[in-house]
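The values are calculated or read from the model by the stated rules, or taken from the named source; none is laboratory data. Small disclaimer: the values here were computed from a predicted structure and weren't measured. Note: ideal-geometry Cβ built from the backbone for every residue, glycine included; neighbour counts use all protein chains shown.
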Amino acid sequence: MVIVDHPNNVSVHHLIKEFGTEYVYNAVQELPDYEAERLFYDWDFWARDAQKMPAWAWRVWLLKGGRGVGKTRVGAETTRKKSDTIERLHLVGRTAADVRDVMIEGESGILAISPPWNRPTYRSTTRSLIWPNGAKALCFTADEPNLLRGPQCGFAWADEIAAWRYLEETWNNLMFGLRLGVNPQCVATSTPRPVKVVKDLVSRNGDTVHITTESTLANRGNVSEEWIKDIISTYGDTRLGRQEIGGEVLDDNPNALWTSDIIDKTRVNKIPELTKIVVAVDPSVSDKPTDETSECGIVVGGIKGQKRDTSSHGYLLADETIKGNPAKWGEQVVSAVYRHHADEVVAEANNGGAMVKYVIQSLAPHLKVTLVHASRGKRTRAEPVSTLYEKERVHHLGQFPDLETQLTEWEPGMPSPDRLDAAVWLFTHLMIDEKEEKQKVRSLG
């Protein structure tokens with residue numbers, strides 16, 4: 001029967017095109033149970049052509065695709081196939097929760113897509129997956145890149161690399177350890193961002209790197225049609241849509257005040273002793289006090305030196321932004337103050353600042369809350385902060401994908417998102433002499 005005895009280069013998509021959906025459906029229904037089960041776990045049969053392993057000796061296979069295109073499934077299936085012949089593998093994700101909840105136990109994770117006769121055992125205490133044949137995968141996160149120093153493997157799956165906190169250090173350590181066997185390989189799955197590692201991989205396409213790019217629409221049959229309609233209507237004609245739906249690695253927005261190259265150039269993996277640490281808050285002002293969908297921008301940063309000292313440097317330490325009502329984001333702010341040993345909380349007085357002060361001090365009355373007043377437009381407030389970045393005086397401790405996307409995509413004149421606003425207030429308060437800036441504005445006017 002053509003369904004069971006199909007060659008490896010034939011998939012369900014080819015058969016539907018040749019014979020029609022009804023024929024293929026009826027043929028599957030007629031299969032004996034054991035053949036149907038075998039077919040169910042046959043990835044070569046179900047995969048789209050773009051989801052199948054490239055047939056040449058690549059070193060890195062980068063699948064950069066839109067949201068919901070099936071990248072996780074490809075990573076899991078490729079790992080399953082490699083475990084048949086490779087004894088030592090590595091799984092690397094953004095956080096420990098992502099490795100567990102997405103790569104291993106997720107709906108398209110390794111455990112879900114593995115057949116009962118070859119399903120690995122997950123041992124959370126040893127951060128490992130062990131297959132019946134003895135193959136073993138160790139789990140790592142981009143939060144702890146140094147743990148990848150030393151361990152070696154013959155295959156690795158690196159998931160959502162563009163969102164890794166310490167991307168370059170983690171990636172470099174992973175590549176140094178990918179050294180077992182004749183042709184050790186890594187499959188990297190990610191929604192792309194124009195960060196250094198991703199841009200470098202794209203530049204090596206066809207050399208030791210194979211690039212696969214797919215739009216979210218390629219997987220339209222497996223996701224909610226209402227969701228597809230919603231994201232297309234909302235983001236379809238935008239730069240963010242080209243990245244998050246189309247899987248494109250975009251150049252910097254020429255109209256934005258920040259560039260990814262400047263942020264990358266000044267990025268650090270450790271910080272000096274700081275003079276002062278602040279938590280900046282920019283709530284989304286809503287008419288509904290119980291609104292759980294609004295995002296409250298919460299960023300943490302510090303300064304080495306003094307505010308008026310031109311040799312001082314600012315450091316972005318954390319993005320604690322959260323969706324939720326004031327009670328929820330208030331707890332997040334207070335928690336951030338304690339975890340980062342912050343000296344005060346800063347909020348814009350004329351954008352919910354009084355509410356911020358009330359919410360924070362009702363939870364922790366002793367915390368200092370400073371309200372700053374916006375007397376100028378958002379472009380005028382943002383430009384001095386972007387200038388600090390250009391002068392290489394502001395540094396990000398690792399990557400902050402959501403915030404950095406806002407910084408490099410926002411154009412003056414557009415509504416400014418909450419993470420960006422919080423970052424602007426943070427470094428304005430820490431590093432900019434507002435009296436001096438006002439004098440500059442008056443002199444230019």
- prompt: Just checking, which of 202, 223, 195 is modelled with pLDDT under 90, under 20 Å from residue 164 (Cα atoms) and not assigned by TED's automatic domain parsing to the domain that holds residue 417?
  reply: 195
Helices (runs of 4 or more DSSP H) contained in the stretch 233-344 and holding at least 2 residues under 30 Å from residue 62 (Cα atoms): 239-244, 260-265
- request: Scan the stretch 345-356 for residues that are part of a helix (DSSP H, G or I) and either of a type in the set (A, V, I, L, M) or touching a Cys at 6+ places or on another chain (Cβ under 6 Å) (or both) and jot them down.
  value: 349, 354, 355, 356
message: Looking at the stretch 113-130 only, could you name the residues that are in contact with a Leu (Cβ under 9 Å, 6 or more places away or on another chain) and either on the phi < 0 side of the Ramachandran plot or surrounded by fewer than 16 Cβ atoms within 10 Å (Cβ to Cβ) (or both)?
response: 119, 120, 121, 122, 123, 126, 128, 129
- prompt: Only one of (1) touching a residue at least 60 places away in the same chain (Cβ under 8 Å); (2) farther than 24 Å from residue 143 by Cα is not met by residue 89, so which one is it?
  reply: (2)
- prompt: With respect to residue 86, is the statement that it is hydrophobic (A, V, I, L, M, F, W, C), modelled with pLDDT of 75 or more and in contact with a strand residue (DSSP E or B) (Cβ under 6 Å, 6 or more places away or on another chain) true?
  reply: yes
- line: Taking the stretch 167-205 and the residues there that are in a loop (DSSP other than H, G, I, E, B) and more than 21 Å from residue 71 (Cα to Cα), the one that is nearest to the chain's Cα centre (by Cα) would be 179
task: Specify the residue that is modelled with the lowest pLDDT; the eligible residues are those in the stretch 51-73 that are surrounded by fewer than 20 Cβ atoms within 10 Å (Cβ to Cβ) and among the small types (Gly, Ala, Ser).
output: 55
- prompt: Any residue in the stretch 250-269 that is free of Cβ contacts under 8 Å to residues at least 60 places away in the same chain and either farther than 22 Å from residue 424 by Cβ or among the basic types (Lys, Arg) (or both)?
  reply: yes
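Counting only residues that are assigned to a loop (DSSP other than H, G, I, E, B) and at pLDDT 90 or above, how many does the stretch 357-380 have?
Adding up the residues that qualify gives 5.
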- request: Select, from 434, 383, 344, the only residue that is modelled with pLDDT under 90, among the acidic types (Asp, Glu) and over 27 Å from residue 166 (Cβ atoms).
  value: 434
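So, in the stretch 131-168, how many residues would count as being on the phi > 0 side of the Ramachandran plot and of a type outside the set (D, E, K, R)?
2
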field: residue 114 vs. criteria small (Gly, Ala, Ser) and over 30 Å from residue 196 (Cα atoms)
entry: yes
- prompt: Going through the stretch 205-222 one residue at a time, which ones are more than 15 Å from residue 47 (Cβ to Cβ) and out of contact with any strand residue (DSSP E or B) (no Cβ under 6 Å at 6 or more places or on another chain)?
  reply: 206, 207, 208, 215, 216, 217, 220
statement: Of the conditions (1) assigned to a helix (DSSP H, G or I); (2) modelled with pLDDT of 75 or more, the single one that residue 213 does not satisfy is (1)
Residue match in the stretch 297-304 (condition: assigned by TED's automatic domain parsing to the domain that holds residue 430, surrounded by fewer than 16 Cβ atoms within 10 Å (Cβ to Cβ) and in contact with a Ser or Thr (Cβ under 9 Å, 6 or more places away or on another chain)): no
task: Considering each of 137, 218 in turn, give the residue that is in contact (Cβ under 8 Å) with a residue 24 or more places away in the chain, among the aliphatic types (A, V, I, L, M) and closer than 19 Å to residue 94 by Cβ.
output: 137
- prompt: Restricting the search to the stretch 365-403, which residues are buried (at least 17 other Cβ atoms within 10 Å of the Cβ), hydrophobic (A, V, I, L, M, F, W, C) and farther than 14 Å from residue 432 by Cα?
  reply: 367, 369, 397, 400, 403
task: Being of a type in the set (Gly, Ala, Ser) and within 22 Å of residue 178 (Cβ to Cβ) is the filter here, so list the residues in the stretch 51-71 that pass it.
output: 55, 57
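Check whether at least one residue in the stretch 213-227 is touching a Cys at 6+ places or on another chain (Cβ under 8 Å) and surrounded by 16 or more Cβ atoms within 10 Å (Cβ to Cβ), and report yes or no.
Start the filter on the stretch 213-227 by keeping residues that are touching a Cys at 6+ places or on another chain (Cβ under 8 Å), which leaves none.
Checked against the condition, which is being touching a Cys at 6+ places or on another chain (Cβ under 8 Å) and surrounded by 16 or more Cβ atoms within 10 Å (Cβ to Cβ), the stretch 213-227 yields no hits at all.
Restricting to the stretch 74-87, count the residues that are surrounded by 17 or more Cβ atoms within 10 Å (Cβ to Cβ) and not β-branched (Val, Ile, Thr).
Qualifying residue count, the stretch 74-87: 6.
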- request: Output the number of the condition that residue 334 fails; it satisfies all remaining conditions of (1) over 30 Å from residue 95 (Cα atoms); (2) touching a residue at least 12 places away in the same chain (Cβ under 8 Å).
  value: (1)
